[in-house]
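Below: one structure, written as structure tokens.
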Amino acid sequence: MLENFSEHKINESVAYDPTLSPKSDTLIVSNYIQSIQKVTKSIHMSFIIKDSGKRTKYKGGAVRDLEDDKIMWDLLPLEALKRVAIHYTNGAIKYERNNWKKGVPIERFERSALRHLIQYLLGEKDEDHLSATIFNVLGIIYNEEINNKNMKKGTPKKDGSGKGTRANKGRGGCRTPQKTGKGK
């Protein structure tokens, strides 16, 4: 926990007394962190504000943590994302909101992504095939991310794929069970 706070921040945040022994200082900091944890748990928050210890100071006097090693969301092409968002909207109207999150097997997303990409490459204009391709690729990525989170938590994904199937192996994500030749 201490690695998330810079020395400077800890010293400002606690009644810091340089005459105290290192053990006393550690105890004060530990008590401070425990009180923060209790407060965040009581308001149902488990997030902290990360701190690199490095700052940018602006003309008006504001100070912010550096943007080094942070995701640059502003690089995403909004014009292209709008087309993909329209595809999601049309799907929500046709089926329901987030229907695709209810356990579509990765193989289904893969087949659909490939089909739409080929339709785009063949010049077919009956649908927005690139947006449909992106939709399916994002479905694959989503399934992999959800499966990875569930694997870290030690809980299998509740998607009908079952334990002991490819759902917990290989590329990850919501996979359909492979036939083993056992049973009917």
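The values are calculated or read from the model by the stated rules, or taken from the named source; none is laboratory data. Bear in mind that the values here come from a model prediction, so they are computed numbers and not experimental data. Glycine gets a Cβ as well: all are built from the backbone with ideal geometry, and neighbour counts include every protein chain shown.
Here the condition is being outside any loop (DSSP other than H, G, I, E, B) and in contact with a Leu (Cβ under 9 Å, 6 or more places away or on another chain); of ALA92, ALA80, ALA113, it holds for ALA80 alone. Figure legend. Inter-residue proximity from the range 128-151: first residues within 19 Å of HIS87 (Cα to Cα), second residues assigned to a helix (DSSP H, G or I) and small (Gly, Ala, Ser), beta-carbon distance below 6 Å, spacing 6+ or different chains. Indicated pairs: THR133/ALA113; ASN136/SER112; ASN136/ALA113; VAL137/ALA113. The residue that is surrounded by the most Cβ atoms within 10 Å (Cβ to Cβ), among those in the range 75-94 that are under 19 Å from the mean Cα position of the chain (by Cα) and farther than 12 Å from PHE135 by Cα, is LEU76.
Taking first residues from the range 68-95 that are among the hydroxyl-bearing types (Ser, Thr, Tyr) and partners that are surrounded by 11 or more Cβ atoms within 10 Å (Cβ to Cβ), the Cβ contacts under 8 Å between residues at least 6 apart in sequence or on separate chains come to TYR88/PHE135.
Of the residues screened, ARG97 is not one that is at pLDDT 65 or above, assigned to a helix (DSSP H, G or I), among the basic types (Lys, Arg) and surrounded by 11 or more Cβ atoms within 10 Å (Cβ to Cβ).
Is it the case that VAL137 is assigned to a loop (DSSP other than H, G, I, E, B), surrounded by 15 or more Cβ atoms within 10 Å (Cβ to Cβ) and β-branched (Val, Ile, Thr)? Considered against the rule, which asks whether it is assigned to a loop (DSSP other than H, G, I, E, B), surrounded by 15 or more Cβ atoms within 10 Å (Cβ to Cβ) and β-branched (Val, Ile, Thr), VAL137 comes out as no.
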